[in-house]
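Below is one structure, written out as structure tokens; comments come after it.
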Amino acid sequence: MSDRLDMTVTYTVHGALRRELRQLARATARPHPDPRHVLRTAPGWAMFRSALHAHQTAEDEALWPPLRRGLVGRPFDLTRLEAIEAEHAALVSLVGAIDEALADPDVGLDLLGELTGSLVTGLDKHLDHEEEAVFPLVRSVLSQEQWDLFGRAHARRIEPDAARLLPWLLDGADARTVASVLAQILPEPARHAYVHRWRPAYEALDPWGTRGTRALTGTW
């Protein structure tokens, strides 16, 4: 398989989403603190939702269409792509249902747990499926120019909330990945803001409202 396309940003997004799925699972696994209050008030759910929306919208608008054109005459591979697109639609519906549940004071913990559990399981499987079934097609079919167009579309989707989403995206990433992602997404002047303002502000957050719990229980 050719590695001619640099997919560092995309794999970093997938890694960040998986990281936050684990946080979401923990936040909704027990009744105290109330998961409804955590998701309504802590910034973790909002950042996760924004990053997922930016990533999937960029794929839907700027990655799948050229890939579909490149797969004309390959019905089995087109079916793989159609399955991924269907998974996107299902995930959008799940996120919307969770937001509706959080806005409804009559929704109990059982239903919220069912919805978030479906999202955790569904998105985790979707990311695996995308990497295993579709990324090889991307590498083999798309030109560098087409991949670059997707990269720019992805950066535009992140840009309005870059001050929050980039530190979120790079949380726990190694120095090489950080440098690669910033070089592809941020112009040079904005990288100073990332280092000196955005990253410290993110580190001061309690994304999932767990710091008080850790202090009380001594656990992560």
| Condition test on SER93, is it open to solvent by 30 Å² or more (accessible area, probe 1.4 Å) and closer than 21 Å to ALA163 by Cα? | no
| Considering only segment 164-183, how many residues are without any contact (Cβ under 8 Å) to a residue 12 or more places away in the chain and either surrounded by 16 or more Cβ atoms within 10 Å (Cβ to Cβ) or over 13 Å from GLY15 (Cα atoms) (or both)? | 5
| request: Output the residue which, of all residues in segment 27-49 that are surrounded by fewer than 18 Cβ atoms within 10 Å (Cβ to Cβ) and either hydrophobic (A, V, I, L, M, F, W, C) or within 20 Å of LEU91 (Cβ to Cβ) (or both), is nearest to the chain's Cα centre (by Cα). | output: ARG49
| request: Output the helices (runs of 4 or more DSSP H) that fall wholly within segment 105-220 and possess 1 or more residues being of a type in the set (Phe, Trp, Tyr) and farther than 30 Å from PRO31 by Cα, or say none. | output: 135-141, 144-158
| Just wondering, is there one or more residues in segment 102-118 that are under 14 Å from GLN56 (Cα atoms) and exposed (fewer than 14 other Cβ atoms within 10 Å of the Cβ)? | no
| remark: So, first residue without any contact (Cβ under 8 Å) to a residue 40 or more places away in the chain in segment 116-142, second residue open to solvent by 30 Å² or more (accessible area, probe 1.4 Å) and part of a helix (DSSP H, G or I), Cβ within less than 8 Å, six or more apart or across chains; the pairs are SER118/LEU94; GLY122/GLU87; GLY122/ALA90; GLY122/LEU94
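The values are calculated or read from the model by the stated rules, or taken from the named source; none is laboratory data. Quick caveat, the model's predicted, so the values are computed rather than measured. Positions of Cβ are generated from backbone atoms using ideal geometry, with glycine treated the same way; all protein chains shown enter the neighbour counts. When the accessible area is computed, the model is the full protein with side chains, heavy atoms only, and any ligands, DNA or RNA have been set aside. Shrake-Rupley method; radii C 1.70, N 1.55, O 1.52, S 1.80 Å.
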